[in-house]
Amino acid sequence: MEDVKKLVQEAYKFGYFVGYKGHSEWAEWVRERRERLYARAQELGVYELVKNAYNRGKADGAKKREEEIRKGLEKETTGEERPRPKTALPESEGEGTGEVEFARFLETTRLFLPPDLLDTLKHLKPPKMLHIGR
């Protein structure tokens, strides 16, 4: 069960990253990572749940990106400056690889799994009454 929860969280976070950064799903590194997530989900029998988590994350990330673009356009008219978060990885290390960019993104962004996805995880556990007498 814990493996499933971690996989769903990873799928949501990766989808959020892809949506937020506007990466193409057909970029080789994105496709490979998504396929690895889906393959692991098939093994655990939760393919649809992981696929939904990825797609939900992607939609949420794209929505957040649009909001921040609008805020940026507003900033230009008001003159407010927003500080950028610092990353632990130097810019020159592994520049251009999506995996490094994803690692940086996770370091600087706190993401929580939406409550409705957490609720679907509860339905994967057998009811407590089935454990009576064991």
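The values are calculated or read from the model by the stated rules, or taken from the named source; none is laboratory data. Nothing here was measured: the structure is a model prediction, and the numbers come from that model. Accessible surface areas use protein heavy atoms only, side chains included; no ligands, DNA or RNA. Shrake-Rupley method; radii C 1.70, N 1.55, O 1.52, S 1.80 Å.
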*Which whole-number value in Å² is the accessible area per residue of segment 17-59, probe 1.4 Å?*
55 Å²
*Among the listed pairs LYS5/LYS63; LYS6/LYS58; LYS6/LYS63; LYS21/LYS71, give every one whose C-alpha distance is greater than 20 Å.*
LYS5/LYS63; LYS6/LYS63
